[in-house]
Amino acid sequence: MTTPPLRPRRRRSPLRAAAAALLSAAPLLVPVPAQAAPREAPVLDRATADRFVRDHLARTGVPGATVTVTRGDRVVLAAGYGHTAAGEPMTARTPVPVASLSKAMTALAVTTLAEEGRVDLDAPVREQLPEFAPDDTRAARITPRQLLDQTSGMADSTHPDLALPQPSTLKAAVAALHGTRLATDPGTAWHYHNTNYAVAARLVETATGTPYAEHLRRSLFAPLGMTGTGTVDTTADMPDGARGYVRAYGRTIERAHPRLFTAGGFGVVSTADDLGKWLIAQHTEGTSATGRRAAPAEAVRLTRTPPPRQTYAMGWNRREEQGQPLRIEHTGSLFTHNSMATLLPASGVGIAVVTNTGMVSGDDAPLLVDGLVDLAEGRTPADRAPFTDTADPVLGLLSLLA
């Protein structure tokens, strides 16, 4: 079965296609074996975490990062390291784009509305959002649940959203789906696609009668005390336009970020301090460290529960390897930043890292997280090298050939 677009698409350059693939990258989906019995993890203290982060940044040359570590309802570390692209020192209160970590927040907004009876996760989206009208009869069967677990059938292959003219509002992002077709039948295949979350965010607006950013602020960020957190519509609306760094050819190159529409899928800007509050709310299943409830416990659990035989839930991916404890996590990538958040349910540890490096160096945040996970589990961190260490010789060779 073929699903060609109804109107011609302009040809995408290889660089733009590669960049779109990077921005759409999601955690690797792996089979989930039976969960190992919970075990008590060693205590990861602030000094140990801080020393590891400083050593890692000095060794790898990451210009700047924010790092948050929590355990239970306590913040172990919330700090900034290095500097921003503007030359300002990074601190625990430096606003940073968290990229696709935003998806878990959008998902929680939707599942909370479902618990309140204002959204039906299993009724067709079109019945709840009539403006959602891809030119494919199968789209009438897409549900909000399928948007959130990325099984709607929409995909970059039929709607390359990052390579198309960028909308300015969620309503325009949904309208841009007119004339598109699905890649697969709804509910039959997994495709990581940012537009799923733009549609979900627009559904929040129509269900509440409130702009998406304002709803997140009132219903989620304010109750959790995340006063330095908000969501924006485009990368141009991010602090300093999401300016950061690209690392290539052994150099760290400062650069501006192109304007991309971000709302719903990757538009949240937060701080190390506030990400600590978000991680604690994941551990407590919806309450702040002060006991204020921001979301029903069932809504939180639902965002971390994947469909049968899948590992991707709703803005979170479940990862469990033989002999290792369950990790619930998600990564995020921009041209100039990358991020990762990981939860270790067995020990109550949460970790969130954002670095101001992107593109080829899209693994800086995951490397830091993996090292902190090692420490939290009582292991000596493995000597992990950034991808740029192996990519630079390849880039050099390609440049010579070109």
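The values are calculated or read from the model by the stated rules, or taken from the named source; none is laboratory data. Keep in mind that this is a model prediction, so the values were computed, not measured. We place every Cβ from the backbone using ideal geometry, glycine too, and count neighbours over all the protein chains shown.
What to note about this one:
- Counted residues, region 71-118 - those being closer than 22 Å to T231 by Cβ and part of a strand (DSSP E or B): 4
- Search result, residues across region 205-216 that are surrounded by fewer than 24 Cβ atoms within 10 Å (Cβ to Cβ) and hydrophobic (A, V, I, L, M, F, W, C): A207, A213
- Taking the conditions (1) under 21 Å from the mean Cα position of the chain (by Cα); (2) in contact (Cβ under 8 Å) with a residue 12 or more places away in the chain in turn, T290 satisfies each one other than (1).
- Hey, V125 touching a strand residue (DSSP E or B) at 6+ places or on another chain (Cβ under 8 Å), crowded, with 16+ Cβ neighbours inside 10 Å and modelled with pLDDT of 95 or more or not: no
- Total residues in region 291-305 satisfying the condition of being part of a helix (DSSP H, G or I) and of a type in the set (S, T, N, Q): the figure is 1.
Yes/no per residue for (1) under 30 Å from A86 (Cβ atoms); (2) in contact (Cβ under 8 Å) with a residue 60 or more places away in the chain:
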site: L170; (1), (2): yes, yes
site: A176; (1), (2): no, no
site: D185; (1), (2): no, no
site: A201; (1), (2): yes, yes
site: A207; (1), (2): no, yes
site: E214; (1), (2): yes, no
site: S219; (1), (2): no, yes
site: T234; (1), (2): yes, yes
site: G244; (1), (2): yes, yes
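- Positions within region 305-316 being under 24 Å from E377 (Cα atoms) and surrounded by fewer than 22 Cβ atoms within 10 Å (Cβ to Cβ), in sequence order: T305, T311, Y312
- Total residues in region 264-290 satisfying the condition of being modelled with pLDDT of 95 or more, surrounded by fewer than 24 Cβ atoms within 10 Å (Cβ to Cβ) and in a loop (DSSP other than H, G, I, E, B): the figure is 4.
- Test: residue in region 162-173 that is over 30 Å from A365 (Cβ atoms) and of a type outside the set (F, W, Y): yes
- Residue tally, condition more than 18 Å from the chain's Cα centre (by Cα) and assigned to a helix (DSSP H, G or I), over region 145-169: 1
- Of the set (1) among the acidic types (D, E); (2) farther than 28 Å from R379 by Cα; (3) buried (at least 18 other Cβ atoms within 10 Å of the Cβ), all apply to E298 but (3).
- Test: residue in region 34-45 that is under 22 Å from E298 (Cβ atoms) and either within 24 Å of the chain's Cα centre (by Cα) or modelled with pLDDT under 95 (or both): yes
- Unique residue being modelled with pLDDT under 95 and either surrounded by fewer than 19 Cβ atoms within 10 Å (Cβ to Cβ) or under 21 Å from the mean Cα position of the chain (by Cα) (or both) when the list is G117, G179: G179
- Among the residues of region 221-233, those identified as touching a Lys or Arg at 6+ places or on another chain (Cβ under 9 Å) and either aliphatic (A, V, I, L, M) or surrounded by fewer than 21 Cβ atoms within 10 Å (Cβ to Cβ) (or both) are P223, L224, G225, M226, G228, G230.
- Among residues of region 186-240, those that are aliphatic (A, V, I, L, M) and over 17 Å from the mean Cα position of the chain (by Cα), counted: 8
- Some residue of region 151-165 being at positive phi, buried (at least 19 other Cβ atoms within 10 Å of the Cβ) and not aliphatic (A, V, I, L, M): yes
- Check on G323, more than 14 Å from the chain's Cα centre (by Cα), part of a strand (DSSP E or B), in contact (Cβ under 8 Å) with a residue 40 or more places away in the chain and under 22 Å from A382 (Cβ atoms): no
- Checking L15, L29 one by one, the residue that is within 18 Å of the chain's Cα centre (by Cα) and either assigned to a loop (DSSP other than H, G, I, E, B) or at pLDDT below 95 (or both) is L29 and no other.
- You will find that of V96, V75, the residue that is crowded, with 22+ Cβ neighbours inside 10 Å and either touching a residue at least 12 places away in the same chain (Cβ under 8 Å) or not hydroxyl-bearing (S, T, Y) (or both) is V96 and no other.
- Selected residue [closer than 23 Å to L101 by Cβ and touching a Pro at 6+ places or on another chain (Cβ under 9 Å)] from A139, A173, A155: A173
- Taking the criterion of being surrounded by fewer than 21 Cβ atoms within 10 Å (Cβ to Cβ) and outside any strand (DSSP E or B), the residues of region 234-263 that qualify are A236, D237, P239, D240, G241, R243, Y249, G250, A256, P258, R259.
- Residue check for T84: farther than 30 Å from G187 by Cα, surrounded by fewer than 24 Cβ atoms within 10 Å (Cβ to Cβ) and among the hydroxyl-bearing types (S, T, Y): yes
- If you filter region 198-233 down to residues that are polar (S, T, N, Q) and assigned to a loop (DSSP other than H, G, I, E, B), you find that the one that is farthest from S288 (Cα to Cα) is T210.
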